[in-house]
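Below: the structure, in C-alpha cells.
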Amino acid sequence: MVQISINTDILETGVINIVVFVGGIFILARDYFTSFLPERKQTIVTSVEDAEKRASDAEQRLIQAIKQFFLTKILINETKLKTLSARKGTFESVVSDIRKDLKSRFQRALAAFLSKERQTFLEINQQITSLILKRTLSKAQETFSAKTRAEQLITTTISKLEGDLL
C-alpha cells in the first residue's frame, strides 16, 4: 500500500531555496521584462483597436448584407407575383381561345349534323314518294289490266258524267 504524506520540514523540502531562487529571478529579470511591457502593451492595444475596427466593418457589412437579402427577397416576391399574374393572363387567354375553338367546332358539327339530317329526310321522302308511285302504278296496272274492266270503268264513268250533265 502506498502512503502519501506531506513533509512539513521547510529546511528539508527546499521551499526556502525555491522562494529565494524565484525572487532572485524576479529582481534580476524585472528590468528585462519591464522594457518589453510598454511595447507589448502597445501591440495589444493596436491589436484590440484593429480587431474592434474589423468587428465594426464586419457589422457594417452584415447590415448591408441583411439589407441586400431583404431587398432580394422583395424582388423575388415581386417577380413571383408578376410571373403568377402573367401565367394567369396566359391561362385565361388559352382558355378563351379553347372556348372559341370548341364553340366553332360545335357549330360546325351541329351544322354538319343538321345538313346530314336534311339530306337523310330528303332521301327518305324521295324513297317514300318512289314507293307510293310504284304502288300506285302497280294498283293502276292491276285495275286497268283487263281491257274489259277498263272499258267497263270508262263506260260507267261516262254514264255518270252524262247523268250529272243532264
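Any read-out appearing in this document is the output of simple, stated calculations on the displayed coordinates, not a laboratory observation. Just so it is clear, the structure is predicted and the values come from calculations on it, not from any experiment.
To the nearest 10 degrees, how steep is helix 15-144 against the longest Cα principal axis of the chain, on a 0 to 90 scale?
Once rounded, the angle reads 0 degrees.
Take the Cα radius of gyration of region 11-151 and divide it by 2.2 N^0.38 Å, with N its residue count; two decimals is plenty.
Working: Rg = 57.2 Å, N = 141, 2.2 N^0.38 = 14.4 Å.
The reported ratio for this selection is 3.96.
What angle, in degrees between 0 and 90 and rounded to the nearest 10, separates the Cα long axis of helix 147-165 from the longest principal axis of the Cα atoms of the chain?
Result, in degrees: 80.
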